[in-house]
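Trainee: Got a structure for you, questions after.
A short reminder: the numbers here are calculations on the coordinates, not readings from a lab. Just so we're clear, the structure is a prediction, and the values are computed from it rather than from any experiment. All Cβ positions, glycine included, derive from the backbone under ideal geometry; neighbour counts span all protein chains shown.
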Amino acid sequence: MQKLFNLPTLIFVVVLIVGLPFVQRPVVAAEVLTLGIAAVATNLLLGYTGMLSFGQALFFGLGAYCAGILTTRYGLSAFLSIPAAMVFSAAAAWLIGLVCVRRSGLYFIMITFAFNQMVFFIAYSWTTMTGGEDGLPGVRRPMIIDDQWSFYVFTVLVFLASLCVMKLFVNSPTGRILQAIRDNPARAAATGHDVGRYKLIAFVMAGMFTGLAGAIFSFVFGIVPIDKIDWRFSGDIVFMTLLGGSGSFIGPVIGAAFYTWLQETVSQYWDRWPMIMGIVFALVVLFFRTGIAGMAEVIAAKAWGKRSTAKAKKMEAES
C-alpha cells in the first residue's frame, strides 16, 4: 500500500478510519466511507478522463436496489448480494456507456442525466419490487457484521480494497492513456488509441465501484431510499468530488466527509443546510478549483518552502 500512496495520503486515510467512529456514530462513519468510494469512482470519469456525468446516482441506486432486492426478496447474504450488485452495475454501465461515450461535453452530460431519470422512474413506479417512493426497507446485515462496530470494520476493508484497486487502475497504462485523453482527445486518437473504447472502460469502472458503494449503503441503515437514485444525488456526488478536489485521487473522500457532516449534523439545527452546500460549491468553483486537497497541498508546499528557506539561511549564517 505504501507503494500506491504517498505518506500524506496514508496518514490521512489512517486518521480518517481511526478517528471517524469517535467523531460520528460508527454507522455514520460507514456512510462516509461508502460515499467516499462513490466519489473516488466518479473522479475516474471527471478528474482522470474529463467526463462530467450526471448519472452516477443511477449506478449507486442500481447497486443498492440489486443488493437490497436479493437480500429481502430472495434471502441472499450480503456477502453474495454485494458482489452480484457490483457485477450488475458494471453490466449496466457497459450497456449505457455504449451510447453515452459516443458523445462528449454537454451532450454526454445530458445523455447520462436522461438515463438517470429513466431508471429513477422505473424504480419509482415498480412498487412491488422497489417499494416506490417509500424505498426498500428491511435490508438486514449478516449476523457476523450485524452490530455497528463489526459492520464498520467490514466497510473499512471494502473501502481500502476499493481504493487500492482504483489506484492501481489509475497508475496502469490504461489510466495513463485516460489522462492523455482528458488532456487532448485528438492527440490521443492520433497516436493510435481508440478513444471511445478507453472512455467506455473508465465508464464501466466508475459505474461498477459506484454500484458497489450503493450496495454497501443499502446495509448501512437497512433501507434503500428512493432519493439515492434521483439525479439530484448525482449532483451531490459531483459536489463531493469537486469540493474534495478532482485533481487529487483521495480528495473526493474529503468532499464525502464534508457532505455527510452537513447532512447529519448541520441539518439538525437548520433545515436549509443545502444552502451552505451551494455557497461552498460556488466558492470552490470560483476560487479553489483544485478543491480542499489541492488547497492543502499548496499550503503545505508554501510552509515547507519557508521552512527549507529558513533552515538554509540558518546554515549559511552558521558557516
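Trainee: Go through Lys3/Lys302; Lys3/Lys228; Lys199/Lys302 and tell me which ones have a Cα-Cα distance over 32 Å in this structure.
Mentor: Values: Lys3/Lys302 25 Å; Lys3/Lys228 35 Å; Lys199/Lys302 36 Å.
Long pairs (Cα-Cα over 32 Å): Lys3/Lys228; Lys199/Lys302.
Trainee: At a Förster radius of 45 Å, what calculated FRET efficiency corresponds to the Cβ-Cβ distance of Arg289 and Phe22, to the nearest 0.05? Provide the component values of the computation, followed by the final result.
Mentor: On the way: r = 33 Å, r/R0 = 0.73.
The value I calculate is 0.85.
Trainee: Roughly how tilted is helix 26-46, in degrees to the nearest 10 and between 0 and 90, from the longest Cα axis of the chain?
Mentor: 70 degrees
Trainee: Tell me which residues come under 5 Å, amide H to amide H, from Val224 once H is placed; ignore anything under 5 positions away on its chain.
Mentor: So Val224 has HN proximity to Leu136.
Trainee: In nm, give the distance between the simple-model label positions of Leu106 and Ser172, each being 7 Å from the Cα along the Cα-to-Cβ direction.
Mentor: 3.5 nm
Trainee: Let me know the Rg and Dmax you get for region 14-232 when you use only its Cα atoms, in Å.
Mentor: Looking at region 14-232, its Cα Rg and Dmax stand at 17.5, 55 Å.
Trainee: Send over the semi-axes of region 15-74's equivalent ellipsoid, whole angstrom and largest first, taken as the square roots of 5 times the C-alpha gyration tensor eigenvalues. Intermediate results must be reported in sequence, preceding the final value.
Mentor: On the way: eigenvalues 109, 94, 9 Å².
Those come to 23, 22, 7 Å.
Trainee: If you don't mind, there's one more thing I want to ask. About its Cα centre, what dipole magnitude does the chain give when the only charges are +1 on Lys and Arg Cβ and -1 on Asp and Glu Cβ, stated in debye to the nearest 20? Each step should come with its number before you reach the end.
Mentor: On the way: 23 positive and 15 negative charges, 213 e Å.
Using Cβ point charges on Lys, Arg, Asp and Glu, the chain gives about 1020 debye.
Trainee: What does the extension gain come out to for Val87 and Thr265, with contour length at 0.36 nm per residue minus their alpha carbon separation? Write out the running numbers ahead of the final one.
Mentor: Working: separation 178, 0.36 × 178 = 64.08 nm, distance 3.41 nm.
Computed gain between Val87 and Thr265 is 60.7 nm.
Trainee: Here is a further query. What does the highest-first list of 208-214, 287-293, 120-126 look like by mean Cβ count within 10 Å? Mind showing how you got there, number by number?
Mentor: Values: 208-214: 30.0, 287-293: 17.7, 120-126: 15.7.
Top to bottom by mean Cβ count within 10 Å: 208-214, 287-293, 120-126.
Trainee: Through the Karplus equation 6.51 cos²θ - 1.76 cosθ + 1.60, θ set to phi - 60°, convert the phi angles of region 238-255 into ³J(HN,Hα) values in whole Hz; use x for Gly and Pro.
Mentor: 4, 4, 4, 5, 6, 5, x, x, 6, x, 10, 5, 8, x, x, 5, 4, x
Trainee: Just to check I understand the Karplus step: with θ = phi - 60° and J = 6.51 cos²θ - 1.76 cosθ + 1.60, what whole-Hz values come out for region 277-283, glycine and proline as x?
Mentor: 4, x, 5, 4, 4, 4, 5
Trainee: Would you give the gap between the C-alpha center of region 243-285 and the C-alpha center of region 15-74, rounded to a whole Å?
Mentor: That distance is 15 Å.
Trainee: How long is the gain from Gln117 to Asn6 if the chain were fully straight, where each residue apart is worth 0.36 nm and the alpha carbon distance is subtracted? Before the final figure, lay out the partial values.
Mentor: On the way: separation 111, 0.36 × 111 = 39.96 nm, distance 3.93 nm.
Using 0.36 nm per residue and subtracting the Cα-Cα distance, I get 36.0 nm.
Trainee: Could you give the length gained on full extension between Met275 and Val165, defined as 0.36 nm per residue of separation minus the Cα-Cα distance, in nm? Could the numbers behind the result be given before it?
Mentor: Details: separation 110, 0.36 × 110 = 39.60 nm, distance 3.51 nm.
My answer for the length gained is 36.1 nm.
Trainee: Most fluctuating residue of Val165, Val220, Val238 in a GNM of the chain with Cα springs under 10 Å: which is it?
Mentor: The residue that fluctuates most here is Val165.
Trainee: At 25 °C and 0.890 mPa s, what whole-number value in µm²/s does Stokes-Einstein give for the translational diffusion of region 112-232, with Rh from the Kirkwood sum over Cα pairs?
Mentor: 144 µm²/s
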